[in-house]
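Notes to accompany the following structure.
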Amino acid sequence: MTDTSLETERVPRLIQEILGDRTVTNVVPADEGTDDVFFVTVEMPNGDRHCVLKSRSFVDPPSFRVEPRILDFVNRRTEIPVPAVLGYVDEHDSLPAPFFLMERAPGEQVSAPESLTDRALERTAHDAGRHLGELHSAATFDGYGWLRAGMDAESEPTVGGLSITDLEPDWPSRLRSYAEGNLARIEESGRFSDLIDELRAGLDHYLEVVPTDPAPVLLHDDYRFGNLLVNPDTGTVRTVLDWGNQFTGHREFDLATTEHYLCGRRPLDDDRRDIVHEALLSGYAQTDELTRDDGFRRRQRAYHFIGQLSPLAWFDLWYGGGDGSDEIATRQKELALSLLP
């Protein structure tokens, strides 16, 4: 958990704001999370209910407020296993809003693909493909931008109570905004700043490869083991977490970023990346259309390159200070270089 602004003793008051006069019998802070997260047990008429309270402390309020609405959207329109939202509070005079309460979901967290056998990893990737296909076929939106609650957007909600802000005129423009933010961080950080000219040239090249106006769909863009609860023996995905700060875009971009995450950003010729790649696309084809032609492969390489800018930009947050961080930095740099056109 972050340097919390919400003390454990105050959690029952937030629960009561959502569920009414219920007794909270247990509160345990989560070990990880960018915002304040607590596992709580609440006495209910039909027995104890195990829940998760999430309260904003890191991300900006508009990015936070949209998550329970996206969870509701995904619950209503797909069969992707996500936690049921029990209620949310957008603003409050005396409590640290926004916050929301959801049911505690089943499954276990695994730290990385190395924790799974090849067969289990294949199952996780296949489930990921099915889930992304369902998500992308659930709805199309009015353009390319960030999803927000109606109260945080100038436009009226269009799909499932969700609005889009910071609209871009086309998909390449949206991707450039996404990538330029990462490039700015890379240049400032110093660790990978020697690559900046090559990376900018690579971005310019690949933006010519991607389509101008593909159907704008909701992207997860963070389908990684830290946001999954799985059966570690079989690899079956039991819960998909973290639906805040989502944006709309080309469905194929989600496939490329998810492949990066699920294979642990391994080299392009690595056997485990190949396992993830094939299982991911096989699963996707079960729930949405997918044509694996030369154009698709060119676009995937473009999206792999753009997606690989993120670990370079956010390296210190993701990996800095951990064991073997220098070795990880070398691998991430080599992967980025291998994806240059």
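Return yes when Arg56 is open to solvent by 60 Å² or more (accessible area, probe 1.4 Å), over 30 Å from Ser137 (Cβ atoms), in contact with a Pro (Cβ under 6 Å, 6 or more places away or on another chain) and not aromatic (Phe, Trp, Tyr) and no when it is not.
On the way: open to solvent by 60 Å² or more (accessible area, probe 1.4 Å): yes; over 30 Å from Ser137 (Cβ atoms): yes; in contact with a Pro (Cβ under 6 Å, 6 or more places away or on another chain): yes; not aromatic (Phe, Trp, Tyr): yes.
Judged against the criteria, Arg56 is a match.
Within the range 79-104, the only residue that satisfies the criterion of being touching a Leu at 6+ places or on another chain (Cβ under 6 Å) and more than 18 Å from Glu17 (Cα to Cα) is Val82.
Using the structure shown, decide if Leu175 is in contact with a Gly (Cβ under 6 Å, 6 or more places away or on another chain) and not polar (S, T, N, Q). Taking the combined requirement at face value, the residue does not satisfy it.
Of all residues in the range 109-135, count the ones that are over 19 Å from Ala285 (Cα atoms) and open to solvent by 70 Å² or more (accessible area, probe 1.4 Å).
So in the range 109-135, the residues over 19 Å from Ala285 (Cα atoms) come out as 109-120.
Going one step further and asking which of them are open to solvent by 70 Å² or more (accessible area, probe 1.4 Å), we end up with 109, 111, 114, 117-119.
Number satisfying all stated conditions: 6.
Quick check: is even one residue across the range 284-303 acidic (Asp, Glu), more than 25 Å from Leu116 (Cα to Cα) and in contact with a helix residue (DSSP H, G or I) (Cβ under 7 Å, 6 or more places away or on another chain)? For the range 284-303, residues acidic (Asp, Glu), more than 25 Å from Leu116 (Cα to Cα) and in contact with a helix residue (DSSP H, G or I) (Cβ under 7 Å, 6 or more places away or on another chain): present. Among residues of the range 273-292 being among the charged types (D, E, K, R) and open to solvent by 10 Å² or more (accessible area, probe 1.4 Å), the one that is nearest to Thr124 (Cα to Cα) is Glu278. For the range 180-202, which residues satisfy the criterion of being of a type outside the set (A, V, I, L, M), within 18 Å of Ile328 (Cβ to Cβ) and open to solvent by less than 20 Å² (accessible area, probe 1.4 Å)? Correct list: Asn182, Phe192. If you go through the range 236-258 and keep only what is assigned to a helix (DSSP H, G or I), touching a residue at least 60 places away in the same chain (Cβ under 8 Å) and open to solvent by less than 10 Å² (accessible area, probe 1.4 Å), you end up with Phe253, Asp254, Leu255, Thr258.
Inspect the range 123-142 for any residue being without any contact (Cβ under 8 Å) to a residue 12 or more places away in the chain and out of contact with any His (no Cβ under 7 Å at 6 or more places or on another chain) and give the result as yes or no. There is no residue in the range 123-142 that is without any contact (Cβ under 8 Å) to a residue 12 or more places away in the chain and out of contact with any His (no Cβ under 7 Å at 6 or more places or on another chain).
Of everything in the range 291-341 that's touching a residue at least 40 places away in the same chain (Cβ under 8 Å) and outside any helix (DSSP H, G or I), which residue is farthest from the chain's Cα centre (by Cα)? Steps first, please.
Keep residues of the range 291-341 that are touching a residue at least 40 places away in the same chain (Cβ under 8 Å), which gives 296, 298-316, 329, 331-341.
Okay, now just the ones that are also outside any helix (DSSP H, G or I), so 314, 339-341.
Numbers: Trp314: 15, Leu339: 22, Leu340: 25, Pro341: 27 Å.
By that ranking, first place goes to Pro341.
Only residues that are assigned to a helix (DSSP H, G or I) and crowded, with 18+ Cβ neighbours inside 10 Å were counted across the range 136-171, and they come to 4.
Scanning the range 138-197 for residues that are of a type in the set (Val, Ile, Thr) and out of contact with any Lys or Arg (no Cβ under 9 Å at 6 or more places or on another chain) yields Thr140, Thr158, Val159, Ile186, Ile196.
For Arg297, state whether it is surrounded by fewer than 18 Cβ atoms within 10 Å (Cβ to Cβ), modelled with pLDDT of 95 or more, of a type in the set (D, E, K, R) and more than 22 Å from Ser111 (Cβ to Cβ). Give the derivation first.
Details: surrounded by fewer than 18 Cβ atoms within 10 Å (Cβ to Cβ): yes; modelled with pLDDT of 95 or more: yes; of a type in the set (D, E, K, R): yes; more than 22 Å from Ser111 (Cβ to Cβ): yes.
Against the criterion (surrounded by fewer than 18 Cβ atoms within 10 Å (Cβ to Cβ), modelled with pLDDT of 95 or more, of a type in the set (D, E, K, R) and more than 22 Å from Ser111 (Cβ to Cβ)), Arg297 qualifies.
The set of residues in the range 259-270 that are on the phi < 0 side of the Ramachandran plot, touching a helix residue (DSSP H, G or I) at 6+ places or on another chain (Cβ under 8 Å) and either open to solvent by 10 Å² or more (accessible area, probe 1.4 Å) or not in a loop (DSSP other than H, G, I, E, B) (or both) comprises Glu259, His260, Tyr261, Leu262, Arg266, Pro267, Leu268. Annotation note: Cβ proximity below 6 Å between a residue of the range 166-178 that is over 13 Å from Phe247 (Cβ atoms) and a residue that is among the polar types (S, T, N, Q) (sequence gap 6+ or interchain) occurs for Asp170/Thr212. Scanning the range 54-81 for residues that are assigned to a helix (DSSP H, G or I) and more than 17 Å from Asp166 (Cβ to Cβ) yields Glu67, Pro68, Arg69, Leu71, Asp72, Phe73, Val74, Asn75, Arg76, Arg77.
Any residue that is in contact with an Asp or Glu (Cβ under 8 Å, 6 or more places away or on another chain), open to solvent by less than 30 Å² (accessible area, probe 1.4 Å) and either β-branched (Val, Ile, Thr) or not in a helix (DSSP H, G or I) (or both) - is there at least one of those in the range 27-34? The answer is no; no qualifying residue exists.
The values are calculated or read from the model by the stated rules, or taken from the named source; none is laboratory data. Predicted, not measured: the structure shown is a model, and the values here were computed from it. FYI the Cβ positions are ideal-geometry reconstructions off the backbone, even for glycines, and counts take in every protein chain you see. When the accessible area is computed, the model is the full protein with side chains, heavy atoms only, and any ligands, DNA or RNA have been set aside. Shrake-Rupley method; radii C 1.70, N 1.55, O 1.52, S 1.80 Å.
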